[in-house]
Amino acid sequence: MFTPYRQVLALPGALAFSASGLVARLPISMVSLGIVVHVSTRSGSYSLAGSVAAAYMIANAAFAILQGRLADRLGQSRVLPWTILIFTVSLALLSWAVEAGWRTPVPHAFAVIAGATLPQIGSCVRARWSHIAPNKRQLHTAFALEAVADETVFMVGPTLVTLLATTLHPAAGLLTAAVAGLLGTLALSAQRATEPPATRADPSGGAKAPLGWVVLGPLLLSAFTMGVLFGGAEVATVAFADELGVKAAAGPLLAAWALGSLLSGFIIGTIQWKATTATRYRWGIFALAVSLLPLPFVGNLAVMAGILFLAGFAISPPLIASVAWVQETVPPARLTEGIAILSTGLYAGLAPGAAIVGVVVDRYGASTSYWVSVVAVTVGAATAFATAFLPRNRVTAAESSPSGSSV
């Protein structure tokens, strides 16, 4: 089982950039929560804390695609150091503004700058794998490895933020995220040997090649629905635990969900698939929608933990397949941008999902609110299946090349 992972990590430079990428992406799971904890502790206002965190997340989604395009055109080693330095400074200034008691719009301004400059590490690391992996089978394993890294970050990050903020200082979690992002990103950008070539001077015009929106568009919409799922399910699970009188159990419930996804991502990376990437994505997101159906009917904490753990197994397969489908669709010269577009869709759905579920919880209760996630992912699955009816001459290689075959 471990052989495919040993093989991809044995590729020259792979272990180093994957490990530094793991550290560099810790801010993804730490900063928004760190902002809420720090601002609410110092100001006593959750509305202020939520608005500052929202400013950060909106700016992140708005500028992710631009960052991906710059990384493709100028090279990661030129873009990443500047973005991480601005991100670190702005996050430190945000913390200072909160400590000094500054209110709107000063913390929001620093939050916007931090969100806009958060490096797109996941996209950059996956672009490196696409650059060095010799065949699709190993690239599939590499993408699975990065999905496991993502789940690890989302299991460790929130716990670390809460622990540091409650035991050391309200800003400790936020500043730790900044330091981790700074060190990891600088280490990643220094590894020039595995960096994809910049396309600014590409005489073939690769940087201007079409992105393939006929497939990328539906994938973006599907990614948005998955973002609604993740943002909504988190709020629904906290409310579910609170209704049972054990709000502290929300953390372990969400951890069980993430653990299921982590394990499935690891297993997925060891399988040599005969199905095409497009087929795996369609049926993967359909299976995710089906796995969520029991959630509105569960009223027991232990049962909910089991259902979430099993539902977590359905998360990684479509996420891994979606990145692979983007890799097979967009031109190599615009790969980082293409993956950033997918990530933008995912993150753009988080805030609406949380907001809609919050309204449903207040009116109808936590259990009913899980239907928001079910409906959202069902729409995503329907969108993915709709791509099967596109004209055959416009469908990419994802329809004809099994992801486990050699290139």
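The values are calculated or read from the model by the stated rules, or taken from the named source; none is laboratory data. This is a predicted model, so every value here is computed, not measured. For neighbour counting, all protein chains shown are included, and Cβ atoms are generated from backbone atoms with ideal geometry for every residue, glycine included. Note: accessible area is taken over every heavy atom of the protein model, side chains too, but ligands, DNA and RNA are not part of it. Shrake-Rupley method; radii C 1.70, N 1.55, O 1.52, S 1.80 Å.
Could you tell me whether any residue of the stretch 105-112 is in a loop (DSSP other than H, G, I, E, B) and surrounded by fewer than 24 Cβ atoms within 10 Å (Cβ to Cβ)? Yes, the conditions are met somewhere in the stretch 105-112. Determine, yes or no, whether Ala133 is hydrophobic (A, V, I, L, M, F, W, C) and touching a residue at least 12 places away in the same chain (Cβ under 8 Å). It is true that Ala133 is hydrophobic (A, V, I, L, M, F, W, C) and touching a residue at least 12 places away in the same chain (Cβ under 8 Å).
When the stretch 44-72 is filtered for residues that are touching a Leu at 6+ places or on another chain (Cβ under 9 Å) and either under 20 Å from Met30 (Cα atoms) or modelled with pLDDT under 85 (or both), the ones remaining, listed by number, are Val52, Ala53, Tyr56, Met57, Ala59, Asn60, Ala61, Phe63, Ala64. For the stretch 1-22, a residue qualifies if it is assigned to a helix (DSSP H, G or I), surrounded by fewer than 19 Cβ atoms within 10 Å (Cβ to Cβ) and among the aliphatic types (A, V, I, L, M), and the qualifying residues are Leu9, Leu15, Ala16, Ala19. Do you know which residues across the stretch 162-174 are of a type in the set (A, V, I, L, M) and under 16 Å from Arg42 (Cα atoms)? Answer for the stretch 162-174, where residues must be of a type in the set (A, V, I, L, M) and under 16 Å from Arg42 (Cα atoms): Leu164, Ala165, Leu168, Ala171, Ala172, Leu174.
Listed here are the residues, each with its yes/no results for (1) over 16 Å from the mean Cα position of the chain (by Cα); (2) assigned to a helix (DSSP H, G or I).
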residue: Met30; (1), (2): no, yes
residue: Leu33; (1), (2): no, yes
residue: Ala53; (1), (2): yes, yes
residue: Met57; (1), (2): no, yes
residue: Ala61; (1), (2): no, yes
residue: Val79; (1), (2): yes, yes
residue: Trp82; (1), (2): yes, yes
residue: Leu85; (1), (2): yes, yes
residue: Arg103; (1), (2): yes, no
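If you check Gly75 against the conditions, is it at pLDDT 90 or above and on the phi > 0 side of the Ramachandran plot? In short, yes. Only one of the listed residues (Glu195, Glu151) is modelled with pLDDT of 90 or more, out of contact with any Phe, Trp or Tyr (no Cβ under 8 Å at 6 or more places or on another chain) and crowded, with 16+ Cβ neighbours inside 10 Å. That residue is Glu195. Condition check: buried (at least 18 other Cβ atoms within 10 Å of the Cβ) and not polar (S, T, N, Q). Does Ala49 satisfy that? So Ala49 fits the description; yes.
Close contacts from the stretch 269-297, counting a first residue that is open to solvent by 40 Å² or more (accessible area, probe 1.4 Å) and a second that is of a type in the set (Val, Ile, Thr) and not in a loop (DSSP other than H, G, I, E, B), with Cβ to Cβ under 6 Å and a gap of 6+ residues or different chains, come to Pro294/Ile307. Within the stretch 231-253, the residues that satisfy the criterion of being part of a helix (DSSP H, G or I) and out of contact with any helix residue (DSSP H, G or I) (no Cβ under 6 Å at 6 or more places or on another chain) are Glu234, Asp242, Ala248, Gly251, Pro252.
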